[in-house]
4 protein chains.
Amino acid sequence: MLDEIRESVFRANLDLVKHGLVVHSWGNVSGRDPETGYIVIKPSGISYEKLRADDMVVVDLSGKIIEGKLNPSTDTPTHLLLYRTWPGIGGIVHTHSTCATAWAQAGRNIPALGTTHADTFYGEIPCTRKLKAAEVKSDYEVNTGRVIIERLSNMDPLHMPSVLVYGHGPFSWGTTPEQAVYNAVTLEEVARMALYTILLGKDKPVEKYLLDKHFQRKHGKKAYYGQSKN
Amino acid sequence: MLDEIRESVFRANLDLVKHGLVVHSWGNVSGRDPETGYIVIKPSGISYEKLRADDMVVVDLSGKIIEGKLNPSTDTPTHLLLYRTWPGIGGIVHTHSTCATAWAQAGRNIPALGTTHADTFYGEIPCTRKLKAAEVKSDYEVNTGRVIIERLSNMDPLHMPSVLVYGHGPFSWGTTPEQAVYNAVTLEEVARMALYTILLGKDKPVEKYLLDKHFQRKHGKKAYYGQSKN
Amino acid sequence: MLDEIRESVFRANLDLVKHGLVVHSWGNVSGRDPETGYIVIKPSGISYEKLRADDMVVVDLSGKIIEGKLNPSTDTPTHLLLYRTWPGIGGIVHTHSTCATAWAQAGRNIPALGTTHADTFYGEIPCTRKLKAAEVKSDYEVNTGRVIIERLSNMDPLHMPSVLVYGHGPFSWGTTPEQAVYNAVTLEEVARMALYTILLGKDKPVEKYLLDKHFQRKHGKKAYYGQSKN
Amino acid sequence: MLDEIRESVFRANLDLVKHGLVVHSWGNVSGRDPETGYIVIKPSGISYEKLRADDMVVVDLSGKIIEGKLNPSTDTPTHLLLYRTWPGIGGIVHTHSTCATAWAQAGRNIPALGTTHADTFYGEIPCTRKLKAAEVKSDYEVNTGRVIIERLSNMDPLHMPSVLVYGHGPFSWGTTPEQAVYNAVTLEEVARMALYTILLGKDKPVEKYLLDKHFQRKHGKKAYYGQSKN
């Protein structure tokens, strides 16, 4: 069973490269094993070209290494806090993808400027507050998770499956590693479109009724996009 | 005969990927069978990697499924209204291509800033009005078609083979699915050039006589571009 | 002997695609045969995917077809005027490459903002004046050549191997078709850098002594860049 | 032993192409042989497609050719001055990569706008002063090295492994040719993100404590990123 999630996390990491979301080894995907609840994550600082499925590290929710010989990503404590807080999510992606990172560096929420955005994100994509000096100096990676949780406190994480960490870059998530990658790809494209839209002079979001329509059409109870799941 | 249009629509859908116009499954191409008048369209929410020619859905102009086991694209009612209104068109493309979508999100018509534009679009590329709440809440996809028709009301759709739907993205069309894809590719490139031109400080269109010359050189009665069609 | 130039022009046309300078069939390369003085040029409106070396059209300097079954590019009269005026050039490229076209649409000369520019272009890259209505209505392609010649009147075309035609796009040239393509690729990159530089707040050219140094280092009598030509 | 560094420099030069940092032959990598102290560098003006490992030129620190039949890069005097001044560096890269060059053309330092920057560059990436006329007219390449050294005078070159030469473009370095290429790739991505961030309205650097944290996490004595080096 762990073989399946290990393979799935491994492939999801390679998909970041395929979709142009990572330079060097900047990025990582993790996934939660539905049976054991263990988390599988990419090892730290290994180039994507050398990465093999066997290099994935298995940890429990407290961060104890269960399987694997390499150090897990330095961002592991951030991932674990999100998994502990949000039982509904099964995959997390962190990248420094170009446009989403530019918004994070600018410290701006990405307004919902169109239906491409609304199809996945139910409102503006939030940017966290700045971490304080003390939060950076100790337990930095845990505190990164904390400002994410704090910023998303009133939201359903599956209705807002991405966040921008101030001055840093994006995290995305979903019910599986594959869906987390899907959302990370969408985020980058939405961030690029929003940058261009702002250069064309518009930063006001679309009407609430259009946002509702598009998000519900894909994710609501009466969703009618795609094929029947039966 | 339907085999031919089905294959043609299938290949046109894959061409959207090849030309970099789509992310995920965001985009669809349909085509009209010249014999039966039926419409062939991409199924909803199927990834391009898994798409096969047999997955294409055949519907009549009222939307009744004639052949195919999958749900047609959720945008089918928009396509059908355009086919019913404009008997001269034989293919329609909808994408969320980056730059055209940015213009749609900005709610701006794309001015005819040069001859690349004028070779295909006879004037500024129109952006529709905003849909009203009631138009979004019910019959949304049909109403999307209606604002397109309304916006193009004084134009020959083959002289203005694209539109931007406000806050959403572009639709393009042509006499065949291939030509609709050609126009969608052109639109994205023209939208990108226009964005850059505006960043360089110009948003005034070219002179009417230059627009006329280029459009007529390719599409007028005395067209002399390309090879003789005999 | 014509086989050699035909092959060379054919390959140069494909290189436009390889370097990302063309969309669809928008672009053409021609070359002058050093023996006969004939011009070999791409046929009009043939897609690059279907293009074969045998499709190249051979014309004399007056435009009379010497060899070839297809219509030559509609831009042939522009090419011919440049060849007649400038005996030193042996290849011409016309594209609608994205950034160079944006500058042409903006009607702006590209200032010499750095050494990348100065290595190939000895001063700002000129944009022609607007063509008048009468110049567009008849003999349009010849008149396009005329405004290019007019704009370059005080310059050595091998010291300024590109021009922007107002509202249209770039033409580049060189001693051979290969060199013309080299210059077209350089122009697009220089145009992109200049756009970004302007977005960063600078539009003043570099000092004349730096421009001189870089251009002379590669092209002057005391050039010391590259390998000895002996 | 020289075979190893020659191969390493050769491959590093090809990696510039792979990472999209060079157009034509604009760029070069050199490396220092740890045993002999000789410098291996790319020959001048040879296209990357034709480049072979045997073409690399070996020079001593004074510039005397030790091995190789071709002229070394015209930028060799710049490389040599950096190697003589900074004994800790073992590889240097010069490119005209698009965004880094745009910043150099704008004459602006790149502010440390986020953690992607801070992971590699310990503070803003400096732009040199303008060279004076006399500095350009004679010993230009040596003087380019001099303004780099002058600009970095108070810095550890391994804490600030890139510089922008005013009106020209970037140089990057590292302990090996591979690491120099790594830093050149990072610089280009950081320059692109910084351009976009500025277009989104922010040009103030991140807090010093965040800069410290990220740089130290990867490069300080207590670094904990990546795998143990034992």
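The values are calculated or read from the model by the stated rules, or taken from the named source; none is laboratory data. Keep in mind that this is a model prediction, so the values were computed, not measured. Neighbour counts are summed over all protein chains in view; Cβ atoms, including those assigned to glycine, are modelled from backbone coordinates with ideal geometry. Surface areas here come from the heavy atoms of the whole protein model, side chains and all, with no ligands, DNA or RNA. Shrake-Rupley method; radii C 1.70, N 1.55, O 1.52, S 1.80 Å.
Assorted remarks:
- The single condition from (1) away from chain D (no Cβ under 11 Å); (2) surrounded by 21 or more Cβ atoms within 10 Å (Cβ to Cβ); (3) within 16 Å of the chain's Cα centre (by Cα) that A:ALA118 fails is (3).
- With respect to the conditions (1) in a loop (DSSP other than H, G, I, E, B); (2) away from chain C (no Cβ under 11 Å), B:LYS204 lacks only one, and its number is (2).
- Matching residues, the range D:132-187, being in contact with a Cys (Cβ under 7 Å, 6 or more places away or on another chain) and not hydrophobic (A, V, I, L, M, F, W, C): D:TYR166
Conditions (1) within 14 Å of chain D (Cβ to nearest Cβ); (2) open to solvent by 20 Å² or more (accessible area, probe 1.4 Å); (3) of a type in the set (Val, Ile, Thr), marked per residue:
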{"residue": "C:GLU135", "(1), (2), (3)": "no, yes, no"}
{"residue": "C:ASP139", "(1), (2), (3)": "no, yes, no"}
{"residue": "C:HIS168", "(1), (2), (3)": "no, no, no"}
{"residue": "C:TYR209", "(1), (2), (3)": "yes, yes, no"}
{"residue": "C:ASP212", "(1), (2), (3)": "yes, yes, no"}
{"residue": "C:TYR224", "(1), (2), (3)": "yes, yes, no"}
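- Pair list, Cβ under 7 Å, 6 or more apart: the range D:59-84 residue at positive phi, other residue open to solvent by less than 30 Å² (accessible area, probe 1.4 Å) and in a strand (DSSP E or B): D:GLY68/D:VAL57; D:GLY68/D:VAL58
- Among the residues here, A:HIS219 qualifies as within 21 Å of the chain's Cα centre (by Cα) and more than 26 Å from D:ARG192 (Cα to Cα).
- When residues of the range D:87-115 are limited to those that are within 14 Å of chain C (Cβ to nearest Cβ) and either open to solvent by 10 Å² or more (accessible area, probe 1.4 Å) or at pLDDT below 95 (or both), the one nearest to D:PRO34 (Cα to Cα): D:HIS96
- Beta carbons closer than 6 Å, at least 6 apart along the sequence or on distinct chains, pair a first residue in the range C:105-120 that is within 17 Å of C:MET155 (Cα to Cα) with a second that is part of a helix (DSSP H, G or I) and among the hydroxyl-bearing types (Ser, Thr, Tyr) for C:THR120/C:THR186.
- Residues that are out of contact with any Cys (no Cβ under 7 Å at 6 or more places or on another chain), among the aliphatic types (A, V, I, L, M) and at pLDDT 95 or above number at least 2 in the following strands (runs of 3 or more DSSP E) confined to the range D:1-86: D:39-41, D:57-59, D:65-67.
- Here the condition is being more than 25 Å from C:GLU189 (Cβ to Cβ) and touching a Pro at 6+ places or on another chain (Cβ under 9 Å); of D:LEU164, D:LEU187, D:LEU158, D:LEU152, it holds for D:LEU152 alone.
- The range B:50-73, residues that are open to solvent by 70 Å² or more (accessible area, probe 1.4 Å), charged (D, E, K, R) and either within 19 Å of B:GLY145 (Cβ to Cβ) or facing chain A (nearest Cβ under 10 Å) (or both): B:LYS64, B:LYS69
- Residues located in the range B:141-166, provided they are touching a residue at least 40 places away in the same chain (Cβ under 8 Å) and away from chain A (no Cβ under 14 Å): B:GLY145, B:ARG146, B:ILE148, B:ILE149, B:PRO157, B:LEU158, B:HIS159, B:PRO161, B:SER162
- Residue that is open to solvent by less than 60 Å² (accessible area, probe 1.4 Å) and in contact with a Leu (Cβ under 7 Å, 6 or more places away or on another chain), where the choices are D:THR197, D:THR186, D:THR176: D:THR197
- The range C:29-49: number of residues that are within 13 Å of chain B (Cβ to nearest Cβ) and either closer than 28 Å to C:VAL147 by Cβ or of a type in the set (Ser, Thr, Tyr) (or both): 6
- Considering residues of the range D:6-32 that are of a type in the set (Val, Ile, Thr) and touching a residue at least 40 places away in the same chain (Cβ under 8 Å) only, the residue surrounded by the most Cβ atoms within 10 Å (Cβ to Cβ): D:VAL29
- Residue in the range D:33-49 that is open to solvent by less than 30 Å² (accessible area, probe 1.4 Å) and touching a residue at least 60 places away in the same chain (Cβ under 8 Å) present: no
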